[in-house]
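S.K.: Here you go, one structure.
The values are calculated or read from the model by the stated rules, or taken from the named source; none is laboratory data. What you see is a predicted model; the values in this text were computed from it and never measured. Glycine gets a Cβ as well: all are built from the backbone with ideal geometry, and neighbour counts include every protein chain shown.
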Amino acid sequence: MISIHNLKDPSGPILFDGGFGAALQHRGLTSGTPPETWNIARPEEVRKLHAEFVAAGSAIIESNTFGANSCRWHASGERAPLGLVIHEACRLAASAADAKAVVAASTGPLGDVLEPYGELSREQGKHAFREQYSMLKSEGIRVLLIETMMSLDEALLALETAKEVGFDAVGVTMTFEPGPHGPRTAFGVAPAEAARRLSEAGANIVGSNCGSGFDTMRIVAAEFLEHAGVPVLIQPNAGIPVVGADGPMYPETPESFGEFLQELYETGVRLLGGCCGSGPEHIACAKAALRRHSVGGHRINI
């Protein structure tokens, strides 16, 4: 199993897991239902998916807690106690990891927009972040991932709060969409600016997840590699989804996904994983692709 030091100063590739919520939807989670509800309603499915990612080669798996903050949870109408939801998520992930993988906490945006663009005050936002992060830390979580952030201001507030709560490592990944002047967040921030400001604010890991396919992610990854002073984590979707009668379908095969992660590794990205549409089979193909290739004359050990 990798150490926290390996994560903060990686010499080779470290594989994370894939898109948890989308994978649960393939297993019966209905659209619009928070994935975290299955920590209590279908715990065997949550643990099974974690275990499949570990078997596929994930050295880092993420707890099923992305939306388990008070703002999103209360807005969803769910009544299960948030503390119980988080406790079960961490228990299931730790059980599946079985000392073979590190469990990191997956967390995301609050779902409400901060002032001045929205009605959520910074104090309210910080309280919601602190509540979630404190619960996660009390469950023994040492690595916190703040993911799918569209607002750099919200990401910086989350990072500030996470550092106050205290974790061994905190990673922040932003989501970017293509635009006339290159990839930007929903609030117009370029990857280079996000990389600099998050690194300067004390993130141990920075990068991007989700987004709009491989072409955009290539550009985003290059900017993060150039401007971040810390390791870069890239977790793309399995392509741009096409919405059909059975929900979103992701066009990239496990094989093409694996080759793309290997391509990113060759450019200098050391922390690699997947987001929406990427399941254990995608991570397995990424592991195989990384093993097949030699980089800099040295065989990759993963």
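S.K.: Select from segment 110-132 the residues that are under 17 Å from Thr185 (Cβ atoms) and in contact (Cβ under 8 Å) with a residue 60 or more places away in the chain and list them in ascending order.
M.R.: Across segment 110-132, the qualifying residue is only Tyr117.
S.K.: Can you name every residue in segment 281-302 that is in a loop (DSSP other than H, G, I, E, B) and modelled with pLDDT of 65 or more?
M.R.: His293
S.K.: Do you know which residues across segment 1-22 are in a helix (DSSP H, G or I) and in contact with a helix residue (DSSP H, G or I) (Cβ under 6 Å, 6 or more places away or on another chain)?
M.R.: Hit for segment 1-22 is Gly21, nothing else.
S.K.: Same structure, new question: Can you tell me which of Glu200, Glu263 is acidic (Asp, Glu), under 22 Å from Ile146 (Cα atoms) and either at pLDDT 95 or above or out of contact with any Asp or Glu (no Cβ under 6 Å at 6 or more places or on another chain) (or both)?
M.R.: Details: Glu263 fails: under 22 Å from Ile146 (Cα atoms).
None of the other options fit; the residue is Glu200.
S.K.: Restrict the check to segment 290-297 and report whether at least one residue is in contact with an Asp or Glu (Cβ under 6 Å, 6 or more places away or on another chain), among the aliphatic types (A, V, I, L, M), touching a residue at least 24 places away in the same chain (Cβ under 8 Å) and surrounded by 22 or more Cβ atoms within 10 Å (Cβ to Cβ).
M.R.: The answer is no; no qualifying residue exists.
S.K.: Inside segment 205-216, can you point out the residues that are surrounded by 24 or more Cβ atoms within 10 Å (Cβ to Cβ) and either of a type in the set (Lys, Arg) or at pLDDT 95 or above (or both)?
M.R.: Answer for segment 205-216, where residues must be surrounded by 24 or more Cβ atoms within 10 Å (Cβ to Cβ) and either of a type in the set (Lys, Arg) or at pLDDT 95 or above (or both): Ile205, Val206, Gly207, Ser208, Asn209.
S.K.: Looking at (1) under 30 Å from Glu123 (Cβ atoms); (2) touching a residue at least 60 places away in the same chain (Cβ under 8 Å); (3) of a type outside the set (A, V, I, L, M), can you tell me which one Gly202 breaks?
M.R.: For Gly202, the failing item is (2).
S.K.: Could you please let me know if Leu156 is out of contact with any Ser or Thr (no Cβ under 6 Å at 6 or more places or on another chain), under 18 Å from Trp73 (Cβ atoms) and not small (Gly, Ala, Ser)?
M.R.: Against the criterion (out of contact with any Ser or Thr (no Cβ under 6 Å at 6 or more places or on another chain), under 18 Å from Trp73 (Cβ atoms) and not small (Gly, Ala, Ser)), Leu156 does not qualify.
S.K.: Going by the conditions given, is Phe53 more than 25 Å from Ala155 (Cα to Cα), under 17 Å from the mean Cα position of the chain (by Cα) and assigned to a helix (DSSP H, G or I)?
M.R.: yes
S.K.: Just for segment 22-39: of the residues that are under 18 Å from Val103 (Cβ atoms) and touching an Asp or Glu at 6+ places or on another chain (Cβ under 9 Å), which one is surrounded by the fewest Cβ atoms within 10 Å (Cβ to Cβ)?
M.R.: So, considering only residues that are under 18 Å from Val103 (Cβ atoms) and touching an Asp or Glu at 6+ places or on another chain (Cβ under 9 Å), the one surrounded by the fewest Cβ atoms within 10 Å (Cβ to Cβ) is Leu24.
S.K.: Only strands (runs of 3 or more DSSP E) wholly contained in segment 222-280 count here; list those with 3 or more residues that are farther than 30 Å from Arg196 by Cβ.
M.R.: Details: elements: 232-236, 242-244, 247-249.
Strands (runs of 3 or more DSSP E) meeting the threshold: 242-244, 247-249.
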